[in-house]
Amino acid sequence: MKRRDFLFTTLIAGFPVAALSSEDEYAPRYVDVIVVGAGAGGLTAAYSAALKGASVLLLEKMPKLGGDTFLSGGYFNAVLTPEESSWFPDYPPDSIELYTSQINQLAEGLNSPKLARTLAENSRDSLEWLKKLGIRFLPTPYHVYGGKYPRSFLTETGNGRIYIQVLAEACLSKRVQVSTNSRVISLIKGNEDNRIVGVIAQGPEGPSTVFARKGIVLASGGFGANSSKLREMVPWAADLGTDSNPGATGDLHDAVYAVGGKLTNMHFVECVPGSSAHENNPVRLDYNPRKFIFVNENGKRFVNEELPRGKISEAYFNGGFKRCYSIVDNQTVQEIQLNRKKNVYKGLYKNMVWRGNSVEELARKLNIPEENLFQTIQECQFDKQILTPPFWAANVVFKIHLTLGGVEINEKAQVLDELGKPITGLWACGQVIGNLHGKYRLGGNGINCAVVFGRLAAKNLTQ
């Protein structure tokens, strides 16, 4: 086994990390930087701070590292180079301005335009930074579901696990102290200027208090796995399935609010299609919005698949459909990344995917009206490139992918209070941020948000 693979396996299994203990005389009480959450954002912030010579403690509430990044599809949005833009003549040349405008368009006035530009400006540099660390991406970027441009770079593995593997090894190489099973339950205010000086973390043996000399970075994710908070904030979505990790419960949302931080957009969630409410390896055909359609149990298309993800899920839920399928042709299936394609073929034997040599045969297998499906595909087959048999369908169940509400930050990743002023000693990155995406999130703007603002947080707190 390669050293990297060994480190990754043991890290995920929790062997080289330990829970913070109130009784352990070796447990750190004072460090330069505390990072809360060990997904892509937290690992990035921890490693970046350690590179600057800071002593870093990384606290993760779950037994294993990874967060939502570990479960993600692995896409990373970044502004294209002029050469890359030339590969897509049907699109305008990419730029920071274009990327920023697309984020703001989907936000519908509910985000910080300055924050959107900060993400766009730093996206490419962060992508190259990840490459230098050893993460390999497919050369041609994608136009992903919920996106507006082919600027989504996909890892060669076709998932987000490689980010955790590489960043965790980087943290170990810089002697970042990692403590799993350590849930931060509150933030500690200092005596002067309302500075946040530390945290109280609950471990298996009780609570521990840890102080940070330079600052604290929140990378604790959203609350997609907290049904109680969903029922309070987004009641219509409370009973939906989720593909969030079990640790996504919004603990730090409450902790920040308790010390005067501002929360925003807490009533918005993003739902995406999956093969079932509880499928760990979802079978999906709906990767490229220009090459698939959604149909209901009557074989009728009910939405423009190039709309924002939120508007698509709204059309689905408002339609009251009993069933939903994504439809593609064989050429599109062959273009799917290898590991994902394997799941598609496995789905044939799990009654999650169906294949027909003709549209009519596919309709019979789906038990939907043949004439309706034939007419639906005829109307859009050239626009959607559904031309090459056999034709494929996957069962679609919409579930919560992430929550869009969270803390407000500025362009330096500093957490803001109710008056819009920075809370000294407190930074944030990733899904815990609430004023970046607004009402609808641009597809592919997940991991890059974590990495970009994780790097910025570490840079600014170590200056």
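At a glance:
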| quantity | calculated |
| --- | --- |
| Any hit, the stretch 282-298, residues being in a strand (DSSP E or B), in the same structural domain as Asn226 (by TED's automatic domain parsing) and crowded, with 22+ Cβ neighbours inside 10 Å | no |
| Test: Leu115 is part of a loop (DSSP other than H, G, I, E, B), outside the structural domain of Asn288 (by TED's automatic domain parsing) and buried (at least 18 other Cβ atoms within 10 Å of the Cβ) | no |
| Sole exception among (1) under 28 Å from Asn318 (Cα atoms); (2) among the charged types (D, E, K, R); (3) at pLDDT 95 or above for Asp243, by number | (3) |
| Total residues in the stretch 410-428, condition outside any strand (DSSP E or B) and either of a type in the set (Val, Ile, Thr) or buried (at least 24 other Cβ atoms within 10 Å of the Cβ) (or both) | 1 |
| Options Glu370, Glu305; residue that is in contact with a Lys or Arg (Cβ under 9 Å, 6 or more places away or on another chain), under 30 Å from Gly224 (Cα atoms) and surrounded by fewer than 23 Cβ atoms within 10 Å (Cβ to Cβ) | Glu305 |
| Residue within the stretch 55-73 that is at pLDDT 95 or above, in contact with a Ser or Thr (Cβ under 9 Å, 6 or more places away or on another chain) and at positive phi present | yes |
| Matching residues, the stretch 44-95, being in a loop (DSSP other than H, G, I, E, B), in contact with a Phe, Trp or Tyr (Cβ under 7 Å, 6 or more places away or on another chain) and among the hydroxyl-bearing types (Ser, Thr, Tyr) | Tyr91 |
| Residue satisfying all of: in the stretch 118-142; acidic (Asp, Glu) and over 18 Å from His437 (Cα atoms); surrounded by the fewest Cβ atoms within 10 Å (Cβ to Cβ) among these | Glu128 |
| Flag for Lys322 being of a type outside the set (Phe, Trp, Tyr), surrounded by fewer than 16 Cβ atoms within 10 Å (Cβ to Cβ) and within 22 Å of Ile312 (Cβ to Cβ) | yes |
| First in the stretch 57-82 and in contact (Cβ under 8 Å) with a residue 60 or more places away in the chain and closer than 23 Å to Arg340 by Cβ, second anywhere and aliphatic (A, V, I, L, M) and in a strand (DSSP E or B), Cβ under 6 Å, 6 or more apart | Gly74/Leu154; Tyr75/Leu154 |
| Per-region count, the stretch 307-359, residues under 17 Å from Cys380 (Cβ atoms), in contact with a helix residue (DSSP H, G or I) (Cβ under 7 Å, 6 or more places away or on another chain) and either small (Gly, Ala, Ser) or without any contact (Cβ under 8 Å) to a residue 60 or more places away in the chain (or both) | 1 |
| Residues within the stretch 325-342 that are of a type in the set (S, T, N, Q), surrounded by 18 or more Cβ atoms within 10 Å (Cβ to Cβ) and modelled with pLDDT of 95 or more, tallied | 2 |
| Residue in the stretch 146-160 that is touching a Pro at 6+ places or on another chain (Cβ under 9 Å), of a type in the set (A, V, I, L, M, F, W, C) and under 25 Å from His401 (Cβ atoms) present | yes |
| Qualifying residue in the stretch 306-320 (condition: basic (Lys, Arg), in the same structural domain as Pro289 (by TED's automatic domain parsing) and not in a helix (DSSP H, G or I)) | no |
| Selected residue [of a type in the set (S, T, N, Q) and without any contact (Cβ under 8 Å) to a residue 24 or more places away in the chain] from Gln378, Gln385, Gln431 | Gln378 |
| Count of the stretch 231-262 residues which are within 19 Å of the chain's Cα centre (by Cα) and either of a type in the set (S, T, N, Q) or within 23 Å of Leu187 (Cα to Cα) (or both) | 11 |
| Selection within the stretch 89-104 - of a type outside the set (A, V, I, L, M) and more than 18 Å from Gly446 (Cβ to Cβ) | Pro89, Asp90, Tyr91, Pro92, Pro93, Asp94, Ser95, Glu97, Ser101 |
| Residue identified as of a type in the set (A, V, I, L, M), farther than 20 Å from Glu314 by Cα, in contact with a Pro (Cβ under 6 Å, 6 or more places away or on another chain) and touching a residue at least 12 places away in the same chain (Cβ under 8 Å) among Ile200, Ile216 | Ile200 |
| Which listed residue is surrounded by 22 or more Cβ atoms within 10 Å (Cβ to Cβ) and outside the structural domain of Arg309 (by TED's automatic domain parsing), from Gly206, Gly160 | Gly160 |
| Any pair with Cβ under 6 angstrom, 6 or more apart, that starts in the stretch 97-108 at a residue that is on the phi < 0 side of the Ramachandran plot and ends at one that is polar (S, T, N, Q) and not in a helix (DSSP H, G or I) | none |
| Residues located in the stretch 209-234, provided they are within 30 Å of Ala50 (Cα to Cα), surrounded by fewer than 22 Cβ atoms within 10 Å (Cβ to Cβ) and of a type outside the set (Lys, Arg) | Thr209, Phe211 |
| Odd one out for Gln431 among (1) polar (S, T, N, Q); (2) under 20 Å from Val283 (Cβ atoms); (3) surrounded by 14 or more Cβ atoms within 10 Å (Cβ to Cβ) | (2) |
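The values are calculated or read from the model by the stated rules, or taken from the named source; none is laboratory data. The structure presented is a predicted model; accordingly, all values stated were derived computationally and were not measured. Virtual Cβ from ideal backbone geometry, glycine too; neighbours counted across all protein chains shown.
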